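Q: Have a look at this one.
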Amino acid sequence: MIDLLLENAVLPLADGAADAVAIRDGKIAAVGQGADLRRELSPRRRLDLEGRALLPGFNDAHIHVWKVGHLLTSLVDLRDATSLGELQTRLASRSDATKAWLLARGVNELKLADGRLPTRDELDTWFPDRPVWITRVCNHVGLANSAAMRAAGIDNATDSPAGGEVRRDAAGQLTGVFTENAMRLVADRVPPPSSDDLRAMVRAANQKLLGLGVTAFTDPGVDDHLLAVYQAMDDAGELVGRFNVMRLAPEEASSEVMAEWAPPTVSGFLRIDTAKLFMDGGLSGATAALSVPYRHADTRGVLRYECDEYATLCRKADAAGYRVATHVIGDRAITTALDAFEALPRIAKRARFEHFGLPTSADLLRTTRLRIGVATQAIFLPELGANFRQYLPEDFPITPYPIRAMVDAGLTVALSTDAPVVVDERPLAGVAAAARRLSGDGAPIGPHEAITVREGLHAYTAAGAQLSGDADRFGAIAPGQLADLVVLDRSPLTTPLEELADIEVKMTLVGGEVVYES
């Protein structure tokens with residue numbers, strides 16, 4: 001006897017002629033022909049999918065769940081603002097008579113008709129007394145008005161910290177722009193959200209993403225406060241889907257805080273066993289660490305650690321029982337991390353790289369040899385491709401996000417969004433981006449690095465589970481796997497590429513229970 005039989009389905013990723021999936025106790029009991037499974041297993045309930053496509057639930061292997069929820073609840077969303085005037089209007093719409101901090105996220109200068117970020121003087125004119133803190137779309141650059149800097153105790157005597165920059169103009173005056181570690185000078189003075197606020201953010205994002213067919217999420221970098229919220233939600237049965245939550249590692253190599261971490265834990269819905277480090281910044285904002293200077297920006301980006309400092313942190317995470325995940329985008333950052341892992345091969349086998357935007361061919365081979373997995377973002381190409389063209393030198397030898405080369409090198413490659421860095425959180429938009437390789441204006445970005453739709457679907461399902469250590473639990477339609485599934489209105493394998501992102505999610509199941517239906 002089985003609980004549910006999903007029949008008359010198209011299974012694009014299954015072997016053979018199967019058209020049905022049997023579910024018992026939240027897991028897949030059998031995959032086969034509907035007539036055979038009906039006869040052999042006596043289902044209590046049957047659901048006719050009427051020829052729709054049935055796939056493993058999508059796995060967003062790098063998505064800041066609570067930050068997605070922050071934009072759904074209280075944070076001002078500037079990601080699709082097209083002018084400074086519109087930006088001002090959106091900020092003003094959330095303004096009030098209080099002197100509380102006004103927080104916003106997502107501004108991208110290349111989406112603004114003005115072609116630049118707002119200046120400190122403009123922010124001061126709009127909000128002379130209220131502290132304003134805006135993070136750029138990449139979340140590696142922040143903008144503060146004078147009131148925010150006063151509240152944070154920042155003045156012209158404030159120095160740039162290691163791994164970040166407090167930017168000044170030609171006269172040495174503060175511009176209100178802070179990058180990487182320097183952002184902490186302001187951000188640490190912003191009143192943090194309460195536990196109830198964070199809970200609401202996670203819940204809002206969870207529900208939205210279930211509607212997109214996402215049943216597994218890696219939240220890459222949470223502090224102790226948010227970690228406690230996740231644990232409380234897990235204890236209360238409030239998490240719907242499989243959450244892999246990475247703990248933020250300390251910024252200083254000398255820190256001993258990881259020795260005090262509780263041991264890694266894995267429950268049915270929550271995994272906590274990975275430490276998150278940042279080696280550099282973002283490519284779209286010219287803070288990723290390059291081997292050569294950026295075009296139109298007098299910098300090679302920010303390298304947060306030297307090789308020995310990074311290796312020290314990796315050893316400390318490992319000693320605490322945690323795996324290591326590292327934000328690496330620029331070629332210089334990737335090379336530095338790999339240099340450290342050459343002396344740490346055992347730790348490398350349990351490690352993963354986040355983004356992996358500009359690897360050299362030699363570093364691709366080293367990553368494969370060291371058996372480091374990769375969570376990357378093809379969706380950056382249509383959303384941030386114009387920024388890549390703006391900042392990368394014309395003769396830069398590496399194609400951004402060379403996913404074909406990653407796959408061909410034998411890497412485990414998971415696709416993801418890094419939302420809310422991007423607006424489009426739909427998994428199939430990410431698959432389409434990996435197969436089409438077009439910027440937002442339709443210009444090709446390394447078309448030779450395209451992968452197939454089938455490869456993209458694998459990267460958005462099974463590969464994510466492999467990276468998190470969950471391949472034996474979910475990520476495939478096979479007996480013994482958790483029945484975390486998505487029903488689509490048609491098969492991605494037979495849909496034209498230009499229509500792929502518009503395939504509709506009709507149903508999402510977690511543990512065999514319907515959690516979304518349209």
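The values are calculated or read from the model by the stated rules, or taken from the named source; none is laboratory data. Keep in mind that what you see is a predicted model, and the values were worked out from it rather than measured. Quick reminder, even Gly has a Cβ in these numbers, built from the backbone with ideal geometry, and neighbours come from all protein chains shown.
Q: Among (1) at pLDDT 95 or above; (2) among the aliphatic types (A, V, I, L, M); (3) more than 16 Å from TRP66 (Cα to Cα), there is one condition ALA170 misses while meeting the rest; what is its number?
A: ALA170 satisfies all of (1) at pLDDT 95 or above; (2) among the aliphatic types (A, V, I, L, M); (3) more than 16 Å from TRP66 (Cα to Cα) except (1).
Q: Moving on to the next point. When you scan the stretch 118-162, how many residues do you find that are buried (at least 21 other Cβ atoms within 10 Å of the Cβ) and part of a loop (DSSP other than H, G, I, E, B)?
A: Within the stretch 118-162, residues that are buried (at least 21 other Cβ atoms within 10 Å of the Cβ) and part of a loop (DSSP other than H, G, I, E, B) number 6.
Q: Separate question: Which one of ARG323, ARG300, ARG295, ARG346 is surrounded by fewer than 22 Cβ atoms within 10 Å (Cβ to Cβ) and modelled with pLDDT under 95?
A: Numbers: ARG323 fails: modelled with pLDDT under 95; ARG300 fails: modelled with pLDDT under 95; ARG346 fails: modelled with pLDDT under 95.
The match here is ARG295.
Q: Test THR215 against the stated conditions and say whether it is β-branched (Val, Ile, Thr), buried (at least 16 other Cβ atoms within 10 Å of the Cβ) and farther than 21 Å from TYR230 by Cβ. Let's see the steps before the verdict.
A: Details: β-branched (Val, Ile, Thr): yes; buried (at least 16 other Cβ atoms within 10 Å of the Cβ): yes; farther than 21 Å from TYR230 by Cβ: no.
So THR215 fails the test.
Q: Could you tell me which numbered condition SER254 fails, if it satisfies all but one of (1) among the hydroxyl-bearing types (Ser, Thr, Tyr); (2) loosely packed, with under 14 Cβ neighbours inside 10 Å; (3) part of a helix (DSSP H, G or I)?
A: If we test SER254 against (1) among the hydroxyl-bearing types (Ser, Thr, Tyr); (2) loosely packed, with under 14 Cβ neighbours inside 10 Å; (3) part of a helix (DSSP H, G or I), just (3) comes out false.
Q: Which one is nearest to the chain's Cα centre (by Cα), of the residues in the stretch 301-323 that are part of a helix (DSSP H, G or I) and either closer than 11 Å to MET279 by Cα or hydroxyl-bearing (Ser, Thr, Tyr) (or both)?
A: Keep residues of the stretch 301-323 that are part of a helix (DSSP H, G or I), which gives 307-319.
From the residues that got through so far, the ones that are either closer than 11 Å to MET279 by Cα or hydroxyl-bearing (Ser, Thr, Tyr) (or both) too are 307, 309-310, 312.
On the way: CYS307: 25, GLU309: 25, TYR310: 22, THR312: 25 Å.
Filtering first and then ranking leaves TYR310.
Q: For the stretch 348-387, give me each residue that is within 20 Å of ASP280 (Cα to Cα) and in a helix (DSSP H, G or I).
A: Matches in the stretch 348-387: ALA348, SER361, ALA362, ASP363, LEU364, ARG366, THR367, PHE380, LEU381, LEU384, GLY385, ASN387.
Q: Right, next: Looking at the structure I just gave you, is ASP395 of a type in the set (Asp, Glu), in a loop (DSSP other than H, G, I, E, B), surrounded by fewer than 22 Cβ atoms within 10 Å (Cβ to Cβ) and modelled with pLDDT under 95?
A: Spelling it out, ASP395 is indeed of a type in the set (Asp, Glu), in a loop (DSSP other than H, G, I, E, B), surrounded by fewer than 22 Cβ atoms within 10 Å (Cβ to Cβ) and modelled with pLDDT under 95.
Q: Let me ask something else about it. Go through the residues of the stretch 259-268 one by one and say whether even a single one is buried (at least 21 other Cβ atoms within 10 Å of the Cβ), hydroxyl-bearing (Ser, Thr, Tyr) and over 21 Å from VAL166 (Cα atoms). Before you say what the answer is, go through the steps one by one.
A: The first filter runs over the stretch 259-268 and keeps only residues buried (at least 21 other Cβ atoms within 10 Å of the Cβ), leaving none.
No, the stretch 259-268 contains no residue that is buried (at least 21 other Cβ atoms within 10 Å of the Cβ), hydroxyl-bearing (Ser, Thr, Tyr) and over 21 Å from VAL166 (Cα atoms).
Q: Answer yes or no as to whether LEU4 is under 30 Å from GLU354 (Cα atoms) and not β-branched (Val, Ile, Thr). Show your work before the answer.
A: Numbers: under 30 Å from GLU354 (Cα atoms): no; not β-branched (Val, Ile, Thr): yes.
Against the criterion (under 30 Å from GLU354 (Cα atoms) and not β-branched (Val, Ile, Thr)), LEU4 does not qualify.
Q: Of these, ALA157, ALA152, which one is of a type in the set (A, V, I, L, M, F, W, C) and either under 18 Å from VAL423 (Cβ atoms) or out of contact with any Leu (no Cβ under 9 Å at 6 or more places or on another chain) (or both)? Steps first, answer last, please.
A: On the way: ALA152 fails: either under 18 Å from VAL423 (Cβ atoms) or out of contact with any Leu (no Cβ under 9 Å at 6 or more places or on another chain) (or both).
Only one candidate qualifies: ALA157.
Q: Here is a follow-up. Taking the criterion of being within 21 Å of the chain's Cα centre (by Cα), under 20 Å from GLU7 (Cα atoms) and in a strand (DSSP E or B), would at least one residue in the stretch 488-501 satisfy it?
A: No, the stretch 488-501 contains no residue that is within 21 Å of the chain's Cα centre (by Cα), under 20 Å from GLU7 (Cα atoms) and in a strand (DSSP E or B).
Q: Sort through THR179, THR215 and tell me the only one that's outside the structural domain of MET149 (by TED's automatic domain parsing), hydroxyl-bearing (Ser, Thr, Tyr) and outside any loop (DSSP other than H, G, I, E, B).
A: THR215
Q: Something else about it: Yes or no: VAL292 assigned by TED's automatic domain parsing to the domain that holds ARG371 and assigned to a strand (DSSP E or B)?
A: Values: assigned by TED's automatic domain parsing to the domain that holds ARG371: yes; assigned to a strand (DSSP E or B): no.
It is false that VAL292 is assigned by TED's automatic domain parsing to the domain that holds ARG371 and assigned to a strand (DSSP E or B).
Q: Would you confirm whether or not the stretch 435-455 contains a residue that is touching a strand residue (DSSP E or B) at 6+ places or on another chain (Cβ under 8 Å), assigned by TED's automatic domain parsing to the domain that holds ILE503, crowded, with 20+ Cβ neighbours inside 10 Å and part of a helix (DSSP H, G or I)?
A: no
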